[in-house]
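Only the coordinates and a few stated rules stand behind these numbers; no lab work does. Computed from a predicted structure; not experimentally measured. Virtual Cβ from ideal backbone geometry, glycine too; neighbours counted across all protein chains shown.
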Amino acid sequence: MPTMPTRRPIAAPSTLSAFAAARRGALAILGTALLLAACGTTPKASLYTLDDGRPGGQGNGPSVLLLSASLPELLDRPQLVLRGPDQRILLSEQQRWAEPLRSGIARSIAADLGRLLASSRVAALPNGAPHFDADFRLTLHVQRLEAQVGRGVDLDLLWTLQPRQGKELLGRSQVHEPLAAGSETMTGDGGAAALVAAQRRALSQAAAEIAAAIRSQPLPAAAQ
């Protein structure tokens, strides 16, 4: 004799509504927990620049045009590149350049040259930008700009100075810039900021050498 199928009881509407509400509440709590976890594991990046905020040069000194500096591939990246005490290369997603490093180097040296030469006619232009006629054209080739944790910065910069008239001048600036006193043991953002400041000072020393080379060259009457 055939058996009748067993009927399952159907939940009352109030029971279904309570279940749906509980499920929505659980999903909301889970979403909030995931959001808080994501915020806790992704700290905001700190951005750095080689620009020290000082005004550029003023006066009618010689005009100088700089192009973006060429960099080794190791340095040509948005993260700060540091060398640890054990010679390991350290990259941090939380410590980055606010602009491409090649542009920042050229702008930093241009600002220093303007002040050293008492000239408002020194400019760093990106590759491909329209060029203006200048008394000198300066090309920068960075061989090394190494920031060593707890030690300081080593800069090796090749540069080419092309006067409007006359022979091209080749130069090389090699600088070791120690960390400021008291910052040798800083870590995190404080340590990174101290190394960026040392990089800025090293580039300023290179700019002083380039300015001396420019002063040694004969200038057009209007620029003297």
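For ASP133 and ALA193, the FRET efficiency from 1/(1 + (r/R0)^6), where r spans their Cβ atoms and R0 equals 41 Å, is about 0.60. Going from the fewest other Cβ atoms within 10 Å to the most, the residues GLU73, GLU93 appear in the order GLU73, GLU93. Among beta bridges from DSSP that stay inside the range 52-175, the antiparallel ones total about 70%. Only alpha carbons enter this Debye calculation for the range 51-218, each as an equal point scatterer, and the log10 of I(q)/I(0) it gives at q = 0.09, 0.11, 0.18, 0.20 Å⁻¹ is -0.31, -0.45, -1.11, -1.31.
The alpha carbons of the range 79-166 stretch over 49, 23, 22 Å along the principal axes, in descending order. With the cut-off at under 15 Å, measuring from each backbone N in the range 87-130 to a point 7 Å along the Cα-to-Cβ line of SER46 picks out 91-98. Taking other residues whose beta carbon is less than 13 angstrom from the beta carbon of GLN205, and scoring Lys, Arg as +1 and Asp, Glu as -1, yields -2.
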